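Everything on this sheet refers to the single structure shown next.
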Amino acid sequence: MDLFANLHLGIEAAFSLNNLFYCFVGVLLGTLIGVLPGLGPVPTIAMLLPLTFGLEPVSALIMLSGIYYGAQYGGSTTSILLNLPGESASVVTVLDGHQMARQGRAGVALATAAIGSFVAGTLATILLALFAPPLAAVALRFGPAEYFALMTLGLVASVILAHGPLVRALAMIVLGLLLGLVGTDITSGVNRYTFGLPHLAEGINFVILAMGIFGLGEIIRNLENPSERGGAHVQPITTLMPNREDFRRMAAPIFRGTVLGSALGILPGGGAMLSSFASYSLEKRLSKTPEAFGRGVIEGVAAPESANNAGAQTSYIPMLTLGIPSNPVMALMIGALIIQGIQPGPAIISEQPTLFWGIIVSMWIGNLMLLVLNLPLVGIWVRLLTIPYGVLFPIVLVFSALGVYSLSSSPFDIAMMAGFGVIGYVFAKLRCEPAPLLLGFILGPMMEEYFRRAMLLSRGDASVFLTRPISATILAIAILGLALAIAPTFRSKRREIFVEED
Amino acid sequence: MSSLAPNAQLSRRAVLKGAAATLAITATPAFAQDTYPSRPIRIIVPYAPGGQGDVLARLIGERMTSVLGQTILVENQSGGSGALGARMAATAEPDGYSLLMGQTGEIVINPLVMAEPGYDPAKDFMPLSIVGNSALVLVVPAASPITDVASLVERAKTEPDTLTYASSGNATPSHLAALALSRGVGASMIHVPYRGAGQALTDVIGGQVDCFFSSAAAALGHVRSGTLKALAVSTPERVAALGDVPTVAETVLPGFSFSLWAGLFTQTKTPRAVTDRLSRTVNEILASPEIRQRLEEEGAAVAPMTPETFTAFVADERVKYADLVAQTGVRAE
């Protein structure tokens with residue numbers, strides 16, 4: 001188990017001209033895919049799977065991985081520039097990223113996202129190299145009760161993350177939870193709110209909801225009020241790169257985001273998507289100016305971007321060492337490996353060292369390539385904003401529709417997206433933020449599934465959440481967080497009462 | 001200017017006439033049967049990419065591309081436990097260009113447990129060739145005190161509703177096999193459904209559930225490295241890759257036979273010439289040494305069957321599952 005010998009193996013594999021080429025192709029494709037709203041890494045990787053037959057397993061995985069984290073980088077571009085989150089990981093980036101763009105700081109936001117992601121990727125790769133098997137063992141200690149506690153923490157994070165009146169945020173979260181109910185319940189098999197439509201049996205797809213509420217809703221609102229289109233289209237871009245002050249401010253959030261993202265990414269049960277919400281909420285809680293969050297603070301971009309990139313890298317741990325996918329992209333990678341005749345699992349590190357270490361080293365190379373690719377591109381992306389809105393919005397519309405159609409080739413999905421677009425417009429008029437809704441939508445069904453499974457396994461004993469140490473700890477943090485989030489509301493209410501009495 | 005106009009119009013008309021004539025000549029009907037296949041063939045996989053059926057479809061599809069000379073495209077259409085993709089295949093043109101990679105779930109089980117699957121596999125599909133047949137392996141966590149299937153059954157009988165078994169979903173083969181086992185021996189275990197085999201496997205490895213009927217391919221790696229213990233296999237004969245693991249039939253429940261199979265299906269009205277060509281091609285590919293070895297390593301190897309044999313096989317499976325569903329009342333919704 002000599003680390004240097006293994007790294008040497010990996011470096012040899014990853015730095016071969018062939019594999020460098022495939023890495024580059026992968027990250028380039030991934031960035032392009034990520035930038036297009038709606039089109040995600042899953043259909044791209046699925047389309048490119050046949051190409052990987054003729055390649056060596058290492059090369060195939062390197063290219064596919066490049067697409068995966070390239071898409072993460074690209075996704076933050078659309079989030080910041082167009083207020084369009086392409087996947088759940090980017091939802092939080094729109095909050096402050098787009099606001100920064102409106103203030104003429106789009107370049108800084110994009111650069112922050114790229115730098116944060118690179119640092120996080122590097123640190124996560126080192127973590128992967130040093131601790132992959134022990135981390136996998138830790139992840140296995142998480143059972144349904146622990147995941148439920150984690151999701152509860154995530155919900156609390158959504159409350160903290162929300163801007164504005166608490167009641168409105170709670171209402172949006174609950175609405176999201178309700179929308180998440182649509183579909184087949186896994187524990188009992190009952191179809192809920194599907195109205196007999198087979199298409200809804202799997203529930204509403206996140207992309208449709210996000211594209212509709214964020215994307216279309218925003219477009220309708222912008223068309224209605226040309227003057228309110230935001231500074232990004234009116235103000236000149238002041239600087240493209242972060243200045244020294246920005247670097248100082250983003251350092252700690254990047255580090256915290258990396259730690260959180262790495263920890264959550266290991267969990268096969270889907271902790272990675274929590275990483276961006278959790279890190280954003282953490283930054284907001286730790287900040288001296290929490291009310292500035294949501295108005296364009298750099299910490300609000302640096303932390304979630306670092307967290308989700310770290311999570312993306314560490315989600316390779318359960319995939320490679322246990323053969324268990326924590327998200328659809330990992331399932332595809334496992335499929336690609338199986339086609340090549342390699343079954344990922346506990347033996348992979350000893351049986352396929354070149355593959356394992358080659359992928360790890362290549363991850364770092366991929367992150368470097370992405371940084372080198374994206375920083376100069378910031379200038380070009382920012383030029384996108386100078387396109388007249390009349391030309392920009394049809395393009396965004398078409399790509400969103402394409403992205404939604406690529407999910408399951410169904411016109412019904414596009415109609416649903418349009419419907420959500422109208423709803424998104426209504427929310428915008430009512431000044432209700434959509435982000436908590438999306439978080440409730442993702443977390444609700446998962447919370448329910450884990451809760452019921454935990455109860456099944458404990459034979460109906462609800463105290464299991466408190467008797468299991470990890471679950472109890474997480475729940476305690478969640479309750480504490482909730483109390484801290486709500487307390488100011490009470491304090492200000494009391495102040496209001498006193499003011500009125502005066 | 002205006003003197004040019006009539007000439008321009010004339011030449012435009014001439015061009016249009018010429019184009020119409022060309023189109024008329026070239027618009028001959030395609031005699032597909034004589035030159036099958038003359039365009040890419042798609043295999044519809046009713047599950048998300050990366051799963052068992054998807055991997056098999058891509059593996060076989062790649063070979064078919066070189067043998068038939070036309071690209072095989074794998075199209076994933078997931079939803080409704082395979083019903084969405086199966087429905088799409090059922091309503092496609094019966095010309096041999098839209099095949100279905102059908103597995104136990106959507107071909108046999110769905111019509112038995114769903115109120116309205118939207119298709120009838122017995123009427124809509126013609127079985128072409130079986131592509132893989134893999135046993136289910138009853139696995140327990142490595143640290144489990146249970147060491148063989150007989151003691152598992154003993155515990156399940158003496159302590160009803162205390163042992164838990166995972167499944168990859170309601171009314172999936174892993175669920176039904178465990179149900180058949182517990183009913184057959186007169187025991188009762190608690191069913192814990194998961195969203196897919198990956199999640200179920202995670203929790204067995206982590207020791208959250210007591211046992212799981214996993215697919216052989218997924219379990220092999222873990223059994224070999226010791227993270228899971230294999231108690232028994234679900235097929236009538238032992239699995240070559242797990243030579244010293246007994247079958248359920250030889251230990252606790254004679255006659256126990258469950259497996260995960262996948263095969264290529266086409267629409268019932270597809271011309272005979274096309275179906276013969278397809279099934280011959282697939283069987284040749286299956287018999288080739290590399291594919292055979294690949295599948296054997298995963299415990300999924302199967303002797304090639306003719307369409308008639310495969311049809312009889314599917315019919316037998318239908319009877320078996322119908323009996324089980326009738327006795328237990330399992331529903332998918």
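The values are calculated or read from the model by the stated rules, or taken from the named source; none is laboratory data. Since this is a predicted model, take the numbers as computed values, not measurements. In this analysis, Cβ positions are derived from the backbone assuming ideal geometry, glycine residues included, and neighbour counts consider all displayed protein chains.
Given the options B:A217, B:A200, name the one that is at pLDDT below 85, crowded, with 20+ Cβ neighbours inside 10 Å and touching a strand residue (DSSP E or B) at 6+ places or on another chain (Cβ under 9 Å). I'd like the intermediate steps shown before the answer.
Working: B:A200 fails: at pLDDT below 85.
None of the other options fit; the residue is B:A217.
Could you count how many residues in the range A:123-166 are in a helix (DSSP H, G or I) and surrounded by fewer than 18 Cβ atoms within 10 Å (Cβ to Cβ)? Talk me through it step by step, then tell me what you get.
Filtering the range A:123-166 down to residues in a helix (DSSP H, G or I) leaves A:123-140, A:144-161, A:166.
Checking which are surrounded by fewer than 18 Cβ atoms within 10 Å (Cβ to Cβ) leaves us with A:126, A:130-131, A:133-134, A:137-138, A:166.
Total satisfying the criteria: 8.
For the range B:287-333, which residues satisfy the criterion of being within 14 Å of chain A (Cβ to nearest Cβ), in a helix (DSSP H, G or I) and acidic (D, E)?
Passing the criteria: B:E290, B:E296, B:E297.
Can you work out which of the residues in the range B:113-124 that are assigned to a loop (DSSP other than H, G, I, E, B) and not small (G, A, S) is surrounded by the fewest Cβ atoms within 10 Å (Cβ to Cβ)? Spell out the reasoning first.
Taking the range B:113-124 and keeping what is assigned to a loop (DSSP other than H, G, I, E, B), we get B:114-120.
Okay, now just the ones that are also not small (G, A, S), so B:114, B:116-117, B:119-120.
Values: B:M114: 21, B:E116: 10, B:P117: 22, B:Y119: 20, B:D120: 12.
Once the filter is applied, the top-ranked residue is B:E116.
Table: residues versus (1) part of a loop (DSSP other than H, G, I, E, B); (2) charged (D, E, K, R); (3) at negative phi.
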site: A:G294; (1), (2), (3): yes, no, no
site: A:A303; (1), (2), (3): no, no, yes
site: A:N308; (1), (2), (3): no, no, yes
site: A:A312; (1), (2), (3): no, no, yes
site: A:P318; (1), (2), (3): no, no, yes
site: A:T321; (1), (2), (3): no, no, yes
site: A:I324; (1), (2), (3): yes, no, yes
site: A:M333; (1), (2), (3): no, no, yes
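Any idea which of (1) within 14 Å of another protein chain (Cβ to nearest Cβ); (2) within 22 Å of the chain's Cα centre (by Cα) is the one A:M369 doesn't satisfy?
(1)
Go through the range A:1-32 residue by residue and tally those that are surrounded by fewer than 22 Cβ atoms within 10 Å (Cβ to Cβ) and closer than 26 Å to A:L384 by Cβ.
Kept after step one, since they are surrounded by fewer than 22 Cβ atoms within 10 Å (Cβ to Cβ), are these residues of the range A:1-32: A:1-9, A:11-12, A:15-18, A:20-21, A:24-25, A:28-29, A:32.
Right, trim to closer than 26 Å to A:L384 by Cβ and you get A:24-25, A:28-29, A:32.
Of the residues in that region, 5 qualify.
Sort through A:L95, A:L64 and tell me the only one that's in a helix (DSSP H, G or I), crowded, with 24+ Cβ neighbours inside 10 Å and within 14 Å of another protein chain (Cβ to nearest Cβ).
Numbers: A:L95 fails: within 14 Å of another protein chain (Cβ to nearest Cβ).
After applying the criteria, what remains is A:L64.
Among the residues of the range B:80-112, count how many are away from chain A (no Cβ under 14 Å), outside any helix (DSSP H, G or I) and not small (G, A, S).
Matching residues across the range B:80-112 total 7.
Let me confirm something: among A:S471, A:S410, which residue is in contact with a His (Cβ under 9 Å, 6 or more places away or on another chain) and within 14 Å of chain B (Cβ to nearest Cβ)?
On the way: A:S471 fails: in contact with a His (Cβ under 9 Å, 6 or more places away or on another chain).
The conditions single out A:S410.
For the range A:193-205, give me each residue that is within 10 Å of chain B (Cβ to nearest Cβ) and either surrounded by fewer than 18 Cβ atoms within 10 Å (Cβ to Cβ) or part of a helix (DSSP H, G or I) (or both).
A:G196, A:P198, A:H199, A:L200, A:A201, A:E202
Within the range B:128-138, does at least one residue satisfy the condition of being surrounded by fewer than 19 Cβ atoms within 10 Å (Cβ to Cβ) and within 14 Å of chain A (Cβ to nearest Cβ)?
First, the residues of the range B:128-138 that are surrounded by fewer than 19 Cβ atoms within 10 Å (Cβ to Cβ): none.
No.
With B:I60, B:I41 as the choices, which residue is more than 9 Å from every other protein chain (Cβ to nearest Cβ) and either surrounded by 24 or more Cβ atoms within 10 Å (Cβ to Cβ) or within 17 Å of A:V42 (Cα to Cα) (or both)? Step through it out loud before you land on a result.
Working: B:I41 fails: either surrounded by 24 or more Cβ atoms within 10 Å (Cβ to Cβ) or within 17 Å of A:V42 (Cα to Cα) (or both).
After ruling out the rest, the residue left standing is B:I60.
Regarding A:I395, is this residue in a helix (DSSP H, G or I) and more than 14 Å from chain B (Cβ to nearest Cβ)? Break it down stepwise before answering.
Working: in a helix (DSSP H, G or I): yes; more than 14 Å from chain B (Cβ to nearest Cβ): yes.
It is true that A:I395 is in a helix (DSSP H, G or I) and more than 14 Å from chain B (Cβ to nearest Cβ).
Regarding the range B:117-124, can at least one residue be identified that is under 14 Å from the mean Cα position of the chain (by Cα), of a type outside the set (D, E) and within 14 Å of chain A (Cβ to nearest Cβ)?
We begin by selecting, within the range B:117-124, every residue under 14 Å from the mean Cα position of the chain (by Cα); these are B:121.
From what's left, of a type outside the set (D, E): B:121.
Now narrow it down to the ones that are within 14 Å of chain A (Cβ to nearest Cβ): none.
The answer is no; no qualifying residue exists.
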